[in-house]
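Below: one structure, written as structure tokens.
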Amino acid sequence: MIGKLYVCATPIGNLKDITLRCLETLQKVDLIASEDTRHTIKLLNHYEIKTPLESYHEHNKETKGKKLINLLLDGKNIALVSDAGMPGICDPGEDLIKLCYENNIEVTVLPGATASITALILSGIKTRSYCFEGFLPSNKKARKEIIQRLENDTRTYILYEAPHHLLQTLEEIYEQIGNRNIAIIKELTKKYENVFKTNLEYAIDYFKTNTPKGEYVLVIEGVNENDILDKQKEEIAHMTIKEHLDKYLATGIDIKEAMKKVAKDRGISKREVYNEIKVK
């Protein structure tokens with residue numbers, strides 16, 4: 001019999017947030033694969049769980065991943081936990097889950113706390129549509145591309161950030177999208193949980209004189225749809241019909257579809273668009 005991988009969500013702060021099913025699973029599996037055994041042992045000791053621990057983190061995931069897969073293939077059941085919250089989000093658990101599927105090993109998820117959704121709801125910012133980006137990449141080009149998306153995206157954006165990068169990240173976002181409402185949240189579910197609801201401009205001024213401490217979740221308000229429409233109208237007003245048409249053609253659509261879009265944007269008929277092009 002091949003074993004099973006149990007992906008177990010653990011508390012993001014308050015130890016009482018663990019589920020009964022998670023506790024039962026951590027007790028009955030043969031092994032717990034932990035991102036940081038020093039952190040996980042505190043949770044296990046609190047609930048008097050004696051299951052053996054094995055480290056599995058970003059720096060040993062290749063060698064330990066193979067070892068864990070072999071144990072699973074030998075019939076061992078393994079629980080996967082991260083430092084806090086749901087494994088597989090911004091941690092190497094994603095790689096182990098992929099390896100399991102490649103080796104036809106059954107995977108199941110035990111739902112529970114996750115910092116991103118908890119912070120989104122706590123922020124008071126729109127939850128209808130959102131985008132989770134986790135930690136921004138260190139690569140400047142990739143980082144800039146993600147930040148640029150925020151400018152015209154109506155969805156709420158959720159980011160993670162370390163204290164020593166917080167001010168720089170806020171400044172980069174402000175430079176690209178201007179002032180926008182934001183909730184800067186730390187110590188989720190803990191005694192000193194803090195929700196700093198403000199805007200980017202004030203947040204930057206604040207953290208220039210107040211040193212950030214702790215890990216942060218940033219929940220950034222999406223752009224208002226009316227603002228996008230106003231911006232589009234302003235751009236159209238400064239374009240000729242030909243320039244407007246060329247802009248759509250550059251996206252790869254055919255000329256008939258482009259003419260239809262231009263007519264709709266400008267509130268004119270397709271005949272007027274055609275006549276303007278014909279004259280030119």
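The values are calculated or read from the model by the stated rules, or taken from the named source; none is laboratory data. Just so it is clear, the structure is predicted and the values come from calculations on it, not from any experiment. A quick note on method: Cβ atoms are made from the backbone with ideal geometry, for glycine too, and the neighbour counts reach across all protein chains shown. Ligands, DNA and RNA are excluded from the accessible area calculation, which covers all protein heavy atoms including side chains. Shrake-Rupley method; radii C 1.70, N 1.55, O 1.52, S 1.80 Å.
Sort out which residues of the stretch 105-153 are surrounded by 14 or more Cβ atoms within 10 Å (Cβ to Cβ), within 13 Å of the chain's Cα centre (by Cα) and part of a loop (DSSP other than H, G, I, E, B), and write them in order of number.
Within the stretch 105-153, 114, 136 qualify.
Within the stretch 252-267, which residues are under 16 Å from residue 237 (Cβ atoms) and either loosely packed, with under 14 Cβ neighbours inside 10 Å or out of contact with any helix residue (DSSP H, G or I) (no Cβ under 9 Å at 6 or more places or on another chain) (or both)?
264, 267
What's the number of the only condition in (1) outside any strand (DSSP E or B); (2) touching a residue at least 24 places away in the same chain (Cβ under 8 Å); (3) more than 19 Å from the chain's Cα centre (by Cα) that residue 214 fails to meet?
(3)
Out of 221, 276, 171, 235, report the one residue that is closer than 21 Å to residue 127 by Cβ and either open to solvent by less than 90 Å² (accessible area, probe 1.4 Å) or in contact with a Cys (Cβ under 9 Å, 6 or more places away or on another chain) (or both).
It is 221.
Cβ contacts < 6 Å: first residue touching a residue at least 60 places away in the same chain (Cβ under 8 Å), restricted to the stretch 103-118; second residue charged (D, E, K, R) and not in a loop (DSSP other than H, G, I, E, B), any location; separation 6+ or different chain. Result?
106/4; 110/21; 113/17
So is residue 58 in a loop (DSSP other than H, G, I, E, B), open to solvent by 50 Å² or more (accessible area, probe 1.4 Å) and modelled with pLDDT under 95 or not?
Yes.
In a helix (DSSP H, G or I) and either among the aromatic types (Phe, Trp, Tyr) or under 24 Å from residue 124 (Cα atoms) (or both) - does that describe any residue in the stretch 252-260? Reasoning before the result, please.
So the first thing to find is which residues in the stretch 252-260 are in a helix (DSSP H, G or I), and the list is 255-260.
With either among the aromatic types (Phe, Trp, Tyr) or under 24 Å from residue 124 (Cα atoms) (or both) added as a condition, the list becomes none.
No, because not a single residue in the stretch 252-260 is in a helix (DSSP H, G or I) and either among the aromatic types (Phe, Trp, Tyr) or under 24 Å from residue 124 (Cα atoms) (or both).
Does the stretch 37-52 contain any residue that is part of a loop (DSSP other than H, G, I, E, B), in contact (Cβ under 8 Å) with a residue 12 or more places away in the chain and in contact with a Pro (Cβ under 8 Å, 6 or more places away or on another chain)?
Looking through the stretch 37-52, none of the residues is part of a loop (DSSP other than H, G, I, E, B), in contact (Cβ under 8 Å) with a residue 12 or more places away in the chain and in contact with a Pro (Cβ under 8 Å, 6 or more places away or on another chain).
Only one of (1) over 24 Å from the mean Cα position of the chain (by Cα); (2) open to solvent by less than 30 Å² (accessible area, probe 1.4 Å); (3) over 27 Å from residue 193 (Cβ atoms) is not met by residue 74, so which one is it?
Result: residue 74 passes all but (2).
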